[in-house]
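Readers should treat all values here as calculations from the given coordinates under stated rules, not as data from a laboratory. What you see is a predicted model; the values in this text were computed from it and never measured. Please note: Cβ atoms are built from the backbone with ideal geometry, for glycine as well, and neighbour counts cover all protein chains shown.
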Amino acid sequence: MPQTEELIEPVDIDTTTEGFTLILYNDSVHGFEEVTEQVMRATGYGFEKAESITTEAHTKGRAVVIIGSLELCMKAQHVLEEISLRTSIEVNA
């Protein structure tokens, strides 16, 4: 059976726009308070907003942490991953 290769042209992505979303995934290793504190450190959010994100990640499996530039998302991602929280950055369509 012959294999076919699909050629995909590279897509230019403007990394300076607000077109990125940082996602936090549920974590069964860290305590709720520890995750909330790390979200606060990563984002500068107050306790209530950080706790809301932590609760959503816990109950729904994932939560939006930040929507912004790639640089902003990566800075926050780095802080979250300091304690090995699982994250991803998605490109907004």
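Could you line up His58, His78 from fewest to most neighbouring Cβ atoms inside 10 Å? Write down the numbers at each step before the final one.
Numbers: His58 16, His78 11.
Ordered from fewest to most neighbouring Cβ atoms within 10 Å, His58, His78 come out as His78, His58.
If we count every other residue with Cβ under 14 angstrom of Glu51's Cβ, Lys/Arg +1 and Asp/Glu -1, where does the sum land? Could the numbers behind the result be given before it?
Working: positive: Arg41, Lys49; negative: Glu33, Glu34, Glu37, Glu48, Glu56.
That works out to -3.
Rounded if a/c is under 1.5, else prolate if a/b is larger than b/c, else oblate: which is region 11-93, with a ≥ b ≥ c the root eigenvalues of its Cα gyration tensor?
Verdict is prolate for region 11-93.
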